[in-house]
1. Sticking with the crude label model, points 7 Å out along Cα→Cβ, report the distance from T63 to I198 in nm, one decimal please.
2. Add +1 for every Lys or Arg and -1 for every Asp or Glu among the other residues with Cβ under 11 Å from the Cβ of T110, and state the total.
3. Which length gain, in nm to one decimal place, applies between F32 and H55 when the Cα-Cα distance is subtracted from 0.36 nm times their residue separation?
4. Just by accessible area at a 1.4 angstrom probe, what is the order of S228, S49 from largest to smallest?
5. Return, ordered by residue number, the residues of the stretch 91-131 whose backbone nitrogen is under 20 Å from a label point located 7 Å along Cα→Cβ of F153.
Amino acid sequence: MASDTVSSRRFYLPTSELYESGSKFGSNVPAFNNIYDVFINFAASPKLSNYVEQHNLHYKQKTVGSSLALYCSEALLPGSNIQTSTVDGIRQGMSQHYATFRRFPDITLTWYTQQNYMTNDVFNAWMEFISPNEVEVPRSRLSSFRKMTYPEFYKIPMEITAFSKDVKGPPDRLTKDPGVRTPSSITYFIEQAFPTSIIAAPLKYGKAELIKTSVTFKYENYTIQRTSRTGEIKSIRRTVAL
């Protein structure tokens with residue numbers, strides 16, 4: 001039996017064809033990791049968005065998600081893993097593995113910190129909304145405690161999109177801007193996300209560097225939508241991951 005590499009004659013394909021293509025759309029060119037967008041939909045929870053607005057001096061609830069998208073310096077496309085179990089054969093001595101649960105690992109996103117510290121205001125307010133610092137009784141009493149917010153109020157959806165940079169071309173019927181076409185893209189619609197950790201940003205004397213804020217999120221699941229363009233043909237496909 002011949003291997004697929006030999007039978008398909010992929011060994012004959014020049015490597016240069018991966019990055020040199022006569023077609024602008026739908027080629028075999030690999031995707032780059034520096035063209036993406038991250039959007040957090042704060043408007044999905046009016047209580048959270050109002051709280052963030054009260055603790056932010058610069059942006060309103062309708063614009064804070066779009067403003068954060070401009071400053072996301074590092075992002076991750078969510079992954080998943082299958083938890084397995086093992087059955088050992090008694091006589092044959094072979095081990096068989098089978099799937100039991102599907103897990104969605106945490107994602108860590110990093111934002112640039114602005115001079116007005118808007119990024120820090122937003123995520124600190126989000127964490128404060130989850131676990132308010134106001135105690136139910138005076139601080140002088142030993143029975144002071146915190147009451148956590150209900151999950152339905154602090155969990156909101158997020159979107160992480162990676163797309164191609166080839167967007168110029170003939171007018172697209174689906175867009176209003178002439179000469180701009182919808183690129184190939186893949187979007188992860190993350191459901192029920194909330195921050196669990198804000199990584200401290202180090203400060204030091206010496207050469208000046210940009211301050212970044214890294215935030216770790218937990219979420220329940222995600223769906224995937226992919227747009228693929230080949231020449232004048234564009235297709236959309238959505239996959240549900242539960």
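1. Rounded to a tenth, the inter-label distance reads 2.2 nm.
2. Numbers: positive: K212; negative: E74.
Neighbour charge sum, excluding T110 itself: 0.
3. Contour length minus the Cα-Cα distance gives 4.6 nm.
4. My answer, sorted largest first, is S228, S49.
5. Under cut-off, by backbone N: 122-131.
The values are calculated or read from the model by the stated rules, or taken from the named source; none is laboratory data. Nothing here was measured: the structure is a model prediction, and the numbers come from that model. Heads up, the Cβs are rebuilt from the backbone with ideal geometry, glycines too, and the neighbour counts pull from every protein chain shown. Each accessible area value is taken on the protein alone, full model and side chains, heavy atoms only, with ligands, DNA and RNA left out. Shrake-Rupley method; radii C 1.70, N 1.55, O 1.52, S 1.80 Å.
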